[in-house]
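Step one of this worksheet: look at the structure below.
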Amino acid sequence: MDSLVAWFQGLGARERRFVAGGAIGAAVLLVFAVLLPLDSSVARAHARLARKEADLAWMQSVAPQLSAMSPASAAPNSQRSLIAIVESSAREAGLGSALGPSEAGNQGGLRVRLDKAQFDIVIGWLARLADQQGIRVESATIDNAGSPGLVNAGIVLRGRH
């Protein structure tokens, strides 16, 4: 540090002003180009995390109510097959492009594949299926699809029959 001070003192008055101005400019550039965007990014991430935690708390609070719902309390819709209901509701929810092939499982179940789907939309869609159609999730495998918020999911759905 002493050698840096000695070097600075050895500069002429004009050179010292130039070096001091450069140092101030570098500090301002660091603050406005790096620190402020980083701070706002961290703040947005904290806000998003708080929203997701609130969503999780709400989902956990309504889970017992949803699981306690009897299939008989769901709106009757026996005219349509399970696959037709699931595929049409997925398209209505905006999951049409993510919807992969569906295949009938054993005992009236349906295996559905979603690729690169928005997690929030998938969860809302599954909640609406349970609430409006009485279709419940028997099992699900949800994996990160690489991008934040996108998932690949394999879901086994069971109708009210």
Query raised in the report: Within the stretch 54-77, is there a residue that is modelled with pLDDT of 90 or more and surrounded by 12 or more Cβ atoms within 10 Å (Cβ to Cβ)?
Result: no
Query - Flag for Ala47 being at pLDDT 90 or above, surrounded by 13 or more Cβ atoms within 10 Å (Cβ to Cβ) and closer than 21 Å to Gln118 by Cα - result: no
Query - Residues (among the polar types (S, T, N, Q), part of a helix (DSSP H, G or I) and surrounded by fewer than 14 Cβ atoms within 10 Å (Cβ to Cβ)) located in the stretch 81-124 - result: Ser88, Asn106, Gln107
**Report entry** Residue check for Phe32: over 35 Å from the mean Cα position of the chain (by Cα), part of a helix (DSSP H, G or I) and aromatic (Phe, Trp, Tyr)
**Finding:** no
Query raised in the report: Filtering the stretch 138-161 down to residues that are without any contact (Cβ under 8 Å) to a residue 12 or more places away in the chain and in a strand (DSSP E or B), which residue is surrounded by the fewest Cβ atoms within 10 Å (Cβ to Cβ)?
Result: Asp143
Report task. Could you tell me whether any residue of the stretch 125-137 is at pLDDT 90 or above, farther than 20 Å from Leu56 by Cα and open to solvent by 90 Å² or more (accessible area, probe 1.4 Å)? Result -> no
Report summary line: All conditions in (1) polar (S, T, N, Q); (2) modelled with pLDDT under 90; (3) closer than 24 Å to Lys52 by Cβ are true of Asn106 except (3)
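Being over 11 Å from Trp125 (Cβ atoms) and out of contact with any His (no Cβ under 9 Å at 6 or more places or on another chain) is the filter here; which residues of the stretch 97-112 pass it? It would help to see each step written out before you state the result.
Residues of the stretch 97-112 that are over 11 Å from Trp125 (Cβ atoms), as a first pass: 97, 100-111.
Within the stretch 97-112, Ser97, Gly100, Pro101, Ser102, Glu103, Ala104, Gly105, Asn106, Gln107, Gly109, Leu110, Arg111 meet the criteria.
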Report summary line: Here the residues within the stretch 1-19 that are outside any helix (DSSP H, G or I) and under 54 Å from the mean Cα position of the chain (by Cα) are Met1
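The values are calculated or read from the model by the stated rules, or taken from the named source; none is laboratory data. Model, not experiment: these values are computed from the prediction. So basically every Cβ, Gly included, is an ideal-geometry build from the backbone, and we count neighbours across all protein chains shown. Note: accessible area is taken over every heavy atom of the protein model, side chains too, but ligands, DNA and RNA are not part of it. Shrake-Rupley method; radii C 1.70, N 1.55, O 1.52, S 1.80 Å.
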